[in-house]
Amino acid sequence: MQFPTEVLEVLTDPRTIIRDDRVGVPFEIDRPVYEAMNKVLKDMGGQWDGRKAVRAHVFPYRIEELMRQCLVADDYPSKRDQGWFPTPPNLVMQICDLAGIYAGMTVLEPSAGSGAMTGEIARRGGIVDAVEIDARRADVLRKQGDARRVVHGDFLGIDPLDYAEPFDRVVMNPPFTGGLEHIKHAIGFMSDDAILVSVMSAGLMFWQDPASVEFRAMVDEVGGEIEQLPDSSFAASGTGVRTCLVYLPGYPGGPLRTHEWLSRQPRQLDLFAAA
């Protein structure tokens, strides 16, 4: 979406402070201009924090590099693009803690956005690969330097066997629409004893369609868990959508169709063909 002219002028003013997760305007602007700017920044995921020590729009992800690219292009992505709502920092910590990420682990983040989770994974010493459908955000991820590899593309179109090795952990916040398909596809990137942790629409806990019922049964079978998150979990990202957290552990010989399970299939098919 294109910036309104008056908003672009404010955001490109050298006095405007755009740093880390904040955008601050430490000078007076007309009320209509502020309202237009506030609308744009909220649409990008920011929320006004009027505390004296802050006085800025605060984002649940690092805005600096993304904003720089947007201002140059005079175009910004709405947080609604591809169902993108950044993972708030406190939820990022919860996800990484539940996944048990530590130094040296390989981690896949298949809906990486602007790096809300990749930064924390790297801080813990994880070796993270990222996938992002939006070209601008994928470029931001590369410039941030937290990921070993950044792939720009639709995660559902990527073959798990394009990766030579599986991942120790998969952490993700997929689009709320169609999120279950993303989770099921991500299983194919796991090692047999990997752990997957994902945000998902809370509807997964009670939907009665065959795919949801089958998935809940699989979670129970492997000793996983689906935990409802507080209604305010994504308030910092500008939405009150109800969500849950999926914890899915793998184990050798288990029912999950992991990367190693997929890798074995051609050999099995060859044996059947030979017979």
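Write out the chymotrypsin sites (Phe, Trp or Tyr not before Pro) in region 63-168 meeting two conditions: DSSP loop, and at most 12 other Cβ atoms within 10 Å of their Cβ. Within region 63-168, the qualifying chymotrypsin sites (Phe, Trp or Tyr not before Pro) (loop, at most 12 other Cβ atoms within 10 Å) are 102. In the full protein context, the chain carries 48 Å² of accessible surface per residue, based on a 1.4 Å probe and ignoring ligands, DNA and RNA. Helix 259-274 and the long axis of the chain differ in direction by around 40°, with both axes built from C-alpha atoms. Pairs of C-alpha atoms in the chain farther apart than 32 Å represent 28 percent of all such pairs.
Building the convex hull from the alpha-carbon atoms of region 109-230 and averaging its projection over directions returns 8.0 nm². Less than 5 angstrom separates the built amide H of residue 150 from those of 130, all sequence-distant by 5 or more or on a different chain. Each residue was assigned an accessible area with a 1.4 Å probe, and for residue 177 the value is about 130 Å². Charged side chains reduced to their Cβ positions (Lys and Arg at +1, Asp and Glu at -1) give the chain a dipole of some 600 debye around its Cα centre. Taking a ≥ b ≥ c as the square roots of the Cα gyration tensor eigenvalues, region 76-164 comes out oblate, since a/c reaches at least 1.5 and a/b does not exceed b/c.
The accessible surface of region 138-275, taken with every protein chain in place and a 1.4 Å probe, is 52 percent carbon and sulfur. According to the Cα-based calculation, Rg over Rh for region 137-207 is 0.98, with Rh computed by the Kirkwood formula. Computed packing ranks the peptides 48-55, 214-221 as 214-221, 48-55, most packed first, by mean other Cβ atoms within 10 Å.
Angle of helix 31-43 to the longest C-alpha principal axis of the chain, folded into 0 to 90 degrees and rounded to 10: 10°. Between 158, 95, 63, the Gaussian network model of the chain with springs among Cα atoms under 10 angstrom shows the greatest mean-square fluctuation at 158.
Of the trypsin sites (Lys or Arg not before Pro) found in region 61-144, those that fall in a DSSP loop while having at most 14 other beta-carbon atoms within 10 Å are 80. Proximity of backbone amide H atoms, modeled 1.01 Å from N, is registered between residue 113 and 133 at under 5 Å, excluding neighbours fewer than 5 places apart on the same chain.
The values are calculated or read from the model by the stated rules, or taken from the named source; none is laboratory data. Owing to the predicted nature of the structure, the values given are computational and were not obtained by experimental measurement. Virtual Cβ from ideal backbone geometry, glycine too; neighbours counted across all protein chains shown. Quick note on the areas: whole protein, heavy atoms, side chains included, nothing else; ligands and nucleic acids left out. Shrake-Rupley method; radii C 1.70, N 1.55, O 1.52, S 1.80 Å.
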